[in-house]
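Undergrad: One structure is given below, represented as structure tokens, and several questions about it will come after.
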């Protein structure tokens, strides 16, 4: 049941991304330059569900249903925040780029890095939804990589924009 929910939510997020994020923003996102931390982030993010899949087949753990439903809610909330951030920010890319201006509308009105926050919430949601303890390892690695990338982005933007919050 939980894997069906996970796949269904991923399909819903894919449809939402294609519906709300302009096509040019989606193309720029995938064409942007990538560094080693991008690949480590992708590897650890996909490692969450891959390790959960192996553990669920070999030695499944038992998470209560309320934790798994909370994970589904976190997954949806995080991905919704990412879609919103990507929809309003033409500079939202995989690599760290210097934008022409700082986006301050949408979720950027309330926080500096809504994309990173959304990715972190979605990763935590994946872990809790799938409910396998060993998936905590790639989840923690992913959180560390996101923190490092947020730090790099802050440092880059503060060099080019002296009034960067």
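The numbers here are math on the coordinates, done by the rules we state, and not lab data. This structure is a prediction, so every number in the text was calculated from the model and none was measured. Neighbour counts are summed over all protein chains in view; Cβ atoms, including those assigned to glycine, are modelled from backbone coordinates with ideal geometry.
Undergrad: Which condition number in (1) in contact with a helix residue (DSSP H, G or I) (Cβ under 7 Å, 6 or more places away or on another chain); (2) in a helix (DSSP H, G or I); (3) more than 17 Å from residue 113 (Cβ to Cβ) is the one that residue 46 fails?
TA: (1)
Undergrad: Another question about this same structure. Could you list, in sequence order, the residues of region 1-43 that are out of contact with any helix residue (DSSP H, G or I) (no Cβ under 8 Å at 6 or more places or on another chain), more than 19 Å from residue 68 (Cβ to Cβ) and assigned to a loop (DSSP other than H, G, I, E, B)?
TA: 32, 33, 34, 35
Undergrad: Could you check region 138-155 and list, in sequence order, the residues that are touching a helix residue (DSSP H, G or I) at 6+ places or on another chain (Cβ under 7 Å) and closer than 23 Å to residue 65 by Cα?
TA: 138, 139
Undergrad: Quick one: which of 140, 121 is without any contact (Cβ under 8 Å) to a residue 12 or more places away in the chain and either touching a strand residue (DSSP E or B) at 6+ places or on another chain (Cβ under 6 Å) or within 23 Å of residue 39 (Cα to Cα) (or both)?
TA: Working: 121 fails: without any contact (Cβ under 8 Å) to a residue 12 or more places away in the chain.
Unique residue meeting the criteria: 140.
Undergrad: Right, residue 137: part of a helix (DSSP H, G or I) and loosely packed, with under 15 Cβ neighbours inside 10 Å or not?
TA: yes
Undergrad: What residue, among those in region 99-134 that are out of contact with any helix residue (DSSP H, G or I) (no Cβ under 9 Å at 6 or more places or on another chain) and outside any helix (DSSP H, G or I), is surrounded by the most Cβ atoms within 10 Å (Cβ to Cβ)?
TA: 104
Undergrad: Here is a further query. Just wondering, is there one or more residues in region 71-88 that are touching a helix residue (DSSP H, G or I) at 6+ places or on another chain (Cβ under 9 Å) and farther than 28 Å from residue 136 by Cβ?
TA: Checking region 71-88: at least one residue is touching a helix residue (DSSP H, G or I) at 6+ places or on another chain (Cβ under 9 Å) and farther than 28 Å from residue 136 by Cβ.
Undergrad: Next question. Please find, within region 55-68, the residue that is surrounded by the fewest Cβ atoms within 10 Å (Cβ to Cβ) out of those that are touching a helix residue (DSSP H, G or I) at 6+ places or on another chain (Cβ under 8 Å) and part of a helix (DSSP H, G or I).
TA: Filtering region 55-68 for residues touching a helix residue (DSSP H, G or I) at 6+ places or on another chain (Cβ under 8 Å) gives 55-56, 61, 63, 67-68.
Applying the additional criterion that residues be part of a helix (DSSP H, G or I) yields 55-56, 67-68.
On the way: 55: 17, 56: 18, 67: 12, 68: 19.
Among residues in region 55-68 that are touching a helix residue (DSSP H, G or I) at 6+ places or on another chain (Cβ under 8 Å) and part of a helix (DSSP H, G or I), the one surrounded by the fewest Cβ atoms within 10 Å (Cβ to Cβ) is 67.
Undergrad: Taking residue 82 as the residue in question, decide whether it is crowded, with 21+ Cβ neighbours inside 10 Å and part of a helix (DSSP H, G or I).
TA: Working: crowded, with 21+ Cβ neighbours inside 10 Å: yes; part of a helix (DSSP H, G or I): yes.
Against the criterion (crowded, with 21+ Cβ neighbours inside 10 Å and part of a helix (DSSP H, G or I)), residue 82 qualifies.
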